[in-house]
Amino acid sequence: MNIEHLVNNITPQLYERLQYGAATGKWPDGTVLEPAQREQTIQLVMLYQAKVEKSQQQFTVGADGHIVQKSKQELKSEFANNNDIARFSQNDI
């Protein structure tokens, strides 16, 4: 099977399951992955990130195949642009 075809046919729902399996070592239903399965799952997640998702999130695989690493200043500016859900003072407790 062509790996490009396989990666391009992964649905977002399947990608989420693969991410969960790679991160935890088990599927969402609790079935534990064998070491070889986990390794292959991690590789598939990395390929998907690089080829399909093209994510620029910290510590994902970019389109160029390298891990995305951002400086502290870049991360601060990203978080500064997000709207806060809530802010609390220490005196509020």
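The values are calculated or read from the model by the stated rules, or taken from the named source; none is laboratory data. The shown structure was predicted, so the numbers you read here are calculated from the model rather than taken from an experiment. All Cβ positions, glycine included, derive from the backbone under ideal geometry; neighbour counts span all protein chains shown.
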Exercise. If you check residue 55 against the conditions, is it surrounded by fewer than 11 Cβ atoms within 10 Å (Cβ to Cβ), hydroxyl-bearing (Ser, Thr, Tyr), modelled with pLDDT under 90 and farther than 17 Å from residue 6 by Cα?
Worked result: no
Exercise. Which residues, taken from region 62-74, are modelled with pLDDT of 70 or more and either assigned to a helix (DSSP H, G or I) or of a type in the set (A, V, I, L, M) (or both)?
Worked result: 67, 72, 73, 74
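Name the residue that is surrounded by the fewest Cβ atoms within 10 Å (Cβ to Cβ), counting only residues in region 2-43 that are small (Gly, Ala, Ser) and outside any helix (DSSP H, G or I). If you could, list the steps in order and put the result at the bottom.
So in region 2-43, the residues small (Gly, Ala, Ser) come out as 21-23, 25, 30, 36.
Pick out the ones that are also outside any helix (DSSP H, G or I) and you get 25, 30.
On the way: 25: 14, 30: 7.
The residue in question is 30.
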